[in-house]
1. Heavy-atom accessible area per residue, the stretch 95-250, 1.4 Å probe: how many Å²?
2. With a cut-off of at most 14 other beta carbons within 10 Å, and DSSP calling the residue loop, which chymotrypsin sites (Phe, Trp or Tyr not before Pro) in the stretch 174-258 qualify? Please list them.
3. Could you derive backbone 3J(HN,Hα) for the stretch 193-210 from the dihedral phi with the Karplus parameters 6.51, -1.76 and 1.60 (θ = phi - 60°), listing whole Hz in sequence and x where the residue is Gly or Pro?
4. Please go through the stretch 215-317 and write out the GluC sites (Glu not before Pro) that DSSP classes as loop and that have at most 10 other C-beta atoms within 10 Å.
5. Starting from the Cα of Lys88, draw a straight line to each of the lysines and keep only those under 20 Å, dropping any in the same chain fewer than 8 residues away.
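The values are calculated or read from the model by the stated rules, or taken from the named source; none is laboratory data. Just so it is clear, the model here is predicted, and its values are computed rather than measured. With ideal geometry, Cβ positions are generated from the backbone for all residues, glycine too; neighbour counts draw on all protein chains shown. Surface accessibility is based on the protein's heavy atoms, side chains included, excluding ligands, DNA and RNA. Shrake-Rupley method; radii C 1.70, N 1.55, O 1.52, S 1.80 Å.
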Amino acid sequence: FLVIQVAVYMAKRDFMDYCDFVDPVDGVILIDPVQLKGKKVYVMLSCTFRYGHQDMDVMGVAFKRDLFMVTRQVYPELQDKEKLTHTKIQQKLLRKLGENAFPFFFEFPDNLPCSVCLQPGPLDVGKKCAVEFEVKAFSGENRDDRIDKQSSVCLSIRKIHFTPEDSKVVPVAETSLELLMSEKPLHVKMSLPKETFYHGEPVKVTVEITNSSSRNVKDISVSVEQVTNIILYSNDKYIKSVAKEETDDTVPSGTSLRKDYTLYPLLAHNKDRRGLALDGRLKHEDTNLASSTIVKQEVLREVQGILVSYKVVVRMMASGESDDMVFEEFKRAYLKGVFTETMMNLPLRP
């Protein structure tokens, strides 16, 4: 990340949001006073929502919105760096880099969303829809000057949700269906063993069907679906199945079925699927399925830019003497948890 005048050093690029606390952004700027020629050095932390290519402009309206931006001067120092409180990584870097190194420190406000982007298709080169975070260091006469690419450096970072596992909640959803030409109903119940699942961990869905109707039930399928709403500039909505199991299971009239289905909602099984929400992407590094959006109290939904949630869906077909009836989403079970680098929460609500 070295340029002619300024270099940025940070210990990490992923910052965790624990709902009640967010990791601060800290690092060190290394400058070359000779190259600066009397200019000042600033560091900026920004959160931006993009809807399309960064150069796209339609009728004077740019498909970009800055959700948050703060700029601070690090050189010349406004305070003596020896009197400031430094984090451990800053202390090590300052000792190693010498007198031309200066610390910076930012805290995220409570109302900011987490990093998320929509996976582009194979032909969508240069296009993106995302909520992005960036640390930028630049030199200039004052902070409002136009930033020259030759005297600035940018570093993309990610803000990611982390929610601890809560094993006390056992999600359950059930319903009864009144079928045409049948005196008795079809009862369906679905449950998960727990509320939180980690990346790579299988999601076990228990389905119980009591078929008291006169119809035969067949072709049962279970899936985890990602629901993505873009709420700035448009109201686009994308529903993508991220894991699905299709079976030939049958439940004849007057019988019951209780069966466990295992699903694997992983990005590895959904590569190159256009419109799938991801946990932000740093250049070409691998990432994960997007975290579910957790909107904190007293925070406007519109500020989130992109809302992501998950649901479990059971589909089946009820056949009669002369026709087939397909039942989809017998009960929408919303998966309102989070995906992080190591975990995925799947709280299920009817």
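1. For the stretch 95-250, the solvent-accessible area averages 50 Å² per residue.
2. Working: sites: Phe197, Tyr198, Tyr233, Tyr238; in loops: Tyr198, Tyr233.
For chymotrypsin sites (Phe, Trp or Tyr not before Pro) across the stretch 174-258 that sit outside H, G, I, E and B with at most 14 neighbouring Cβ atoms in 10 Å, the list reads Tyr198.
3. With the stated coefficients, the stretch 193-210 comes to x, 7, 8, 10, 10, 9, 4, x, 8, x, 9, 8, 10, 9, 10, 10, 10, 10 Hz.
4. Details: sites: Glu225, Glu245, Glu246, Glu285, Glu298, Glu302; in loops: Glu285, Glu298.
Filter output for the stretch 215-317: Glu285, Glu298.
5. Hits, sequence-local ones excluded: Lys12, Lys96.
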